[in-house]
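One structure is given here, and the rest of the page talks about it.
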Amino acid sequence: MADKNLIGYWVTRFLQEYSDNERGCAWNTRLSYCDAFRLLFTFVSKKTDKPVDRLFVEDISSDMVRNFLTHLEHDRKCCAKTRNLRLKAIRALSRFISQNSPEHASWSNDIHNIATKNEGRSEVIYLELSGMEALLNIVDPKNWTTC
């Protein structure tokens, strides 16, 4: 019987049961989840000096996740949007674990209390009327191959 305290047990169930069967997630979403978990578990494995296949749910503490998110931003030079995407994957896994293992509800709550980072707003760039007219005047409406 599988040890329900090992994170690997829950990741397998999450990817097979939840993301595939229950939610019907797109292939790219599943790949994104896998990438986030691979990065997280490698990070935690190095910090705890445990092999990835021996990591427990409690090894993925909220402090460890915060350190991982900081690592993404500073060491891997990821933007806030990437950081938040990884956090959403971790939250989805923690929600799944708490729904199926009530003894991990407090742990999951701690993970969900990690704040997302403000991604900022990108500047909207647009053409003035003169620029739009200049762009349209480049095209010869009688000859579509000039583009």
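The values are calculated or read from the model by the stated rules, or taken from the named source; none is laboratory data. The structure presented is a predicted model; accordingly, all values stated were derived computationally and were not measured. A quick note on method: Cβ atoms are made from the backbone with ideal geometry, for glycine too, and the neighbour counts reach across all protein chains shown. Only protein heavy atoms, including side chains, enter the accessible area calculation; ligands, DNA and RNA are left aside. Shrake-Rupley method; radii C 1.70, N 1.55, O 1.52, S 1.80 Å.
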| Which residue pairs have Cβ atoms under 7 Å apart, sit 6 or more places apart or on different chains, and have a first residue in segment 5-22 that is outside any strand (DSSP E or B) and a second that is at pLDDT below 80? | Tyr9/Ala2; Ser19/Cys25
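For segment 105-131, name all the residues that are farther than 30 Å from Asp3 by Cβ, part of a helix (DSSP H, G or I) and open to solvent by 50 Å² or more (accessible area, probe 1.4 Å).
If the condition is that a residue be farther than 30 Å from Asp3 by Cβ, part of a helix (DSSP H, G or I) and open to solvent by 50 Å² or more (accessible area, probe 1.4 Å), then Leu129, Ser130 are the ones that fit.
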| message | If a residue must be within 15 Å of Leu15 (Cβ to Cβ) and either out of contact with any Ser or Thr (no Cβ under 7 Å at 6 or more places or on another chain) or at pLDDT 95 or above (or both), how many such residues does segment 30-51 contain? | response | 9
| remark: Output for Cβ contacts, cut-off 8 Å, separation at least six or different chains, first residue over 13 Å from Cys34 (Cα atoms) in segment 85-106, second among the hydroxyl-bearing types (Ser, Thr, Tyr) and in a helix (DSSP H, G or I), reads Ser94/Ser108; Arg95/Ser108; Phe96/Tyr18; Ile97/Ser108; Ser98/Ser108; His104/Ser94; His104/Ser98; Ala105/Ser98
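Return yes or no: is Thr29 over 19 Å from Trp107 (Cβ atoms) and within 14 Å of the chain's Cα centre (by Cα)?
Answer is yes for this residue.
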| Qualifying positions in segment 66-104 - among the hydrophobic types (A, V, I, L, M, F, W, C) and either within 21 Å of Ser122 (Cβ to Cβ) or open to solvent by 50 Å² or more (accessible area, probe 1.4 Å) (or both) | Leu72, Cys78, Cys79, Ala80, Leu85, Leu87
